[in-house]
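To start, the structure under review is shown below, and the notes come after it.
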């Protein structure tokens with residue numbers, strides 16, 4: 001019994017072994033002066049900078065602003081993508097009309113549109129929201145559309161035989177059937193959301209983590225620069241973790257998801 | 001047999017029904033009369049059109065020619081008192097067994113669903129996901145779902161084909177028992193002649209889109225696999241496989257005098 005317990009603990013800790021090693025070596029090299037602090041500050045320095053900013057309240061504020069920006073863009077883009085995906089998935093005429101256009105627009109890398117976006121929206125919030133929304137919309141659209149089209153037609157037929165009307169069929173059969181695909185789209189879109197936000201905040205910002213980083217760069221505060229990278233990474237990890245939690249809850253019934 | 005609800009089942013009439021898919025005529029000139037409460041098995045080789053006929057009866061497809069009548073009324077689509085058991089269980093994977101059976105209950109009540117599960121012996125699995133049930137258990141849940149709505153016509157489209165031999169026999173006995181209790185009309189499409197003889201009052205063979213054989217099965221219920229059973233099964237199987245058989249010979253073996261052959 002004890003051996004099994006130890007083994008599980010060991011397996012859980014194993015993925016952390018290499019990162020921990022990297023941190024230790026990085027700290028050691030930094031402390032020894034092999035890596036000058038203006039090139040790459042030590043983990044400890046980054047932590048200290050984080051502590052300072054947290055005490056001032058700047059850290060929390062920046063994180064809140066960036067997160068809000070990202071989530072709002074996600075809500076807008078994801079909402080549009082989801083609605084279009086549903087529409088095209090359920091109404092064949094809509095698909096014939098709209099899908100090709102969506103695919104054409106999708107092929108334009110949204111980050112390449114930045115100069116145009118700045119011209120249209122300036123460098124304030126709208127520009128960043130537009131970019132995030134544009135980036136997020138397509139994975140959500142594709143996966144929603146695909147999810148709906150992949151619902152087992154046998155289940156739909158069964159639903160009709162058992163007297164389910166159009167709305168009930170949609171709620172009980174089609175939407176739940178599409179859910180696993182939609183959630184994959186969400187996880188993918190979350191990654192794009194963060195990347196787009198980072199780029200948008202790098203172009204220009206007057207608040208948020210990007211602003212914090214640019215400001216720090218002006219004053220050669222490399223530890224704050226690294227800190228902002230760490231914050232972005234942590235936020236990305238957190239959002240992915242939440243998405244996986246949703247998957248585990250909503251897809252409990254799925255034989256493939258039972259042992260995440 | 002006395003506590004059977006007489007006259008409950010839907011009576012079916014098929015007049016000159018046919019179905020073509022493009023150039024291909026899968027069925028043509030089908031004439032059938034099925035009495036209320038009768039258990040009919042439709043057998044035939046793969047692709048002979050038996051599933052197509054079942055779908056016409058269910059109202060899932062429209063006939064290319066001819067008409068079908070349920071209790072005298074023209075079949076134009078799905079009928080609220082008709083239930084279908086498919087080849088695969090077709091349970092919603094994201095709903096528990098009980099919730100799936102609830103789909104079949106007209107009022108959507110949980111109690112009726114549990115009662116139906118009890119009928120098929122799966123009350124203890126009510127809150128399980130279909131993903132953890134075995135194939136046989138899933139079909140039993142599907143059967144509970146079909147019966148939960150107290151259908152007057154139950155259509156079975158080779159529902160036991162994917163099950164192992166022992167589970168299949170158990171399911172056949174379960175279906176027979178429930179049919180005896182509830183008195184619905186039942187139409188079973190199967191390629192398994194043994195299953196047809198085990199369950200049906202009447203076996204119909206569809207060959208090249210038309211009715212080629214229509215024999216009664218007057219063996220006593222519950223069905224025992226004795227020599228009469230085997231003989232009748234052999235006869236029908238021979239005919240399915242293309243050997244010439246006199247329909248009279250089929251009904252003859254059910255005469256008392258043939259008991260001691």
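The values are calculated or read from the model by the stated rules, or taken from the named source; none is laboratory data. This structure is a prediction, so every number in the text was calculated from the model and none was measured. Neighbour counts are summed over all protein chains in view; Cβ atoms, including those assigned to glycine, are modelled from backbone coordinates with ideal geometry.
Look at residue A:117 and say whether it is out of contact with any strand residue (DSSP E or B) (no Cβ under 7 Å at 6 or more places or on another chain) and either not assigned by TED's automatic domain parsing to the domain that holds residue A:235 or not in a loop (DSSP other than H, G, I, E, B) (or both). Judged against the criteria, residue A:117 is a match. Tell me whether segment A:173-185 contains one or more residues that are closer than 25 Å to residue A:73 by Cα and more than 14 Å from chain B (Cβ to nearest Cβ). Within segment A:173-185 (the criterion being closer than 25 Å to residue A:73 by Cα and more than 14 Å from chain B (Cβ to nearest Cβ)), the answer is yes, since at least one residue qualifies. Looking at the structure I just gave you, is residue B:142 within 14 Å of chain A (Cβ to nearest Cβ) and over 25 Å from residue A:152 (Cα atoms)? When the stated conditions are applied, residue B:142 does not pass them. Applying the set (1) in a helix (DSSP H, G or I); (2) more than 14 Å from chain B (Cβ to nearest Cβ); (3) more than 12 Å from the chain's Cα centre (by Cα) to residue A:205 leaves exactly one unmet item: (1).
Out of curiosity, is residue B:36 over 21 Å from the mean Cα position of the chain (by Cα) and either facing another protein chain (nearest Cβ under 10 Å) or surrounded by fewer than 22 Cβ atoms within 10 Å (Cβ to Cβ) (or both)? So residue B:36 fails the test. Only one of the numbered conditions (1) outside any strand (DSSP E or B); (2) farther than 23 Å from residue B:193 by Cα; (3) away from chain A (no Cβ under 14 Å) is not met by residue B:47, and that is (2).
Scanning segment A:104-148 for residues that are under 20 Å from residue B:94 (Cα atoms) and buried (at least 21 other Cβ atoms within 10 Å of the Cβ) turns up A:143, A:144, A:145, A:147, A:148. For residues that are closer than 22 Å to residue B:31 by Cβ and in a helix (DSSP H, G or I), scanning just segment B:189-247, find the one that is nearest to the chain's Cα centre (by Cα). Among them, the one singled out is B:196. If you check A:114, A:140 for being closer than 20 Å to residue A:70 by Cβ and modelled with pLDDT of 95 or more, only one passes: A:140.
Within segment B:51-78, the residues that satisfy the criterion of being in contact with a helix residue (DSSP H, G or I) (Cβ under 8 Å, 6 or more places away or on another chain) and closer than 15 Å to residue A:162 by Cβ are B:58, B:60, B:78. Note on segment A:26-50: residues that are within 30 Å of the chain's Cα centre (by Cα) and surrounded by 10 or more Cβ atoms within 10 Å (Cβ to Cβ) amount to 13.
Taken together, the criteria place residue A:151 among residues that are crowded, with 16+ Cβ neighbours inside 10 Å and not in a helix (DSSP H, G or I). Do the conditions hold for residue B:27, that is, is it assigned to a strand (DSSP E or B), more than 14 Å from chain A (Cβ to nearest Cβ), within 26 Å of residue B:195 (Cα to Cα) and out of contact with any helix residue (DSSP H, G or I) (no Cβ under 6 Å at 6 or more places or on another chain)? No: the conditions fail for residue B:27.
Does segment B:72-93 include one or more residues that are in a helix (DSSP H, G or I), within 14 Å of chain A (Cβ to nearest Cβ) and modelled with pLDDT of 90 or more? No, that holds for no residue. The residue of segment B:50-66 that is nearest to the chain's Cα centre (by Cα), among those that are part of a loop (DSSP other than H, G, I, E, B) and in contact (Cβ under 8 Å) with a residue 40 or more places away in the chain, is B:61. For residue A:260, the conditions (1) closer than 26 Å to residue A:19 by Cα; (2) at pLDDT 90 or above are fulfilled apart from (2).
Just one of (1) in a loop (DSSP other than H, G, I, E, B); (2) within 14 Å of chain A (Cβ to nearest Cβ); (3) under 21 Å from the mean Cα position of the chain (by Cα); (4) more than 19 Å from residue B:9 (Cα to Cα) fails for residue B:121. It is (2). Please work out if residue A:53 is in the same structural domain as residue A:105 (by TED's automatic domain parsing), in a helix (DSSP H, G or I) and surrounded by 10 or more Cβ atoms within 10 Å (Cβ to Cβ). Considered against the rule, which asks whether it is in the same structural domain as residue A:105 (by TED's automatic domain parsing), in a helix (DSSP H, G or I) and surrounded by 10 or more Cβ atoms within 10 Å (Cβ to Cβ), residue A:53 comes out as yes. Checked against the criterion of being within 13 Å of chain A (Cβ to nearest Cβ), at pLDDT 90 or above and within 22 Å of residue B:168 (Cβ to Cβ), the candidates B:54, B:60 yield just one match: B:54.
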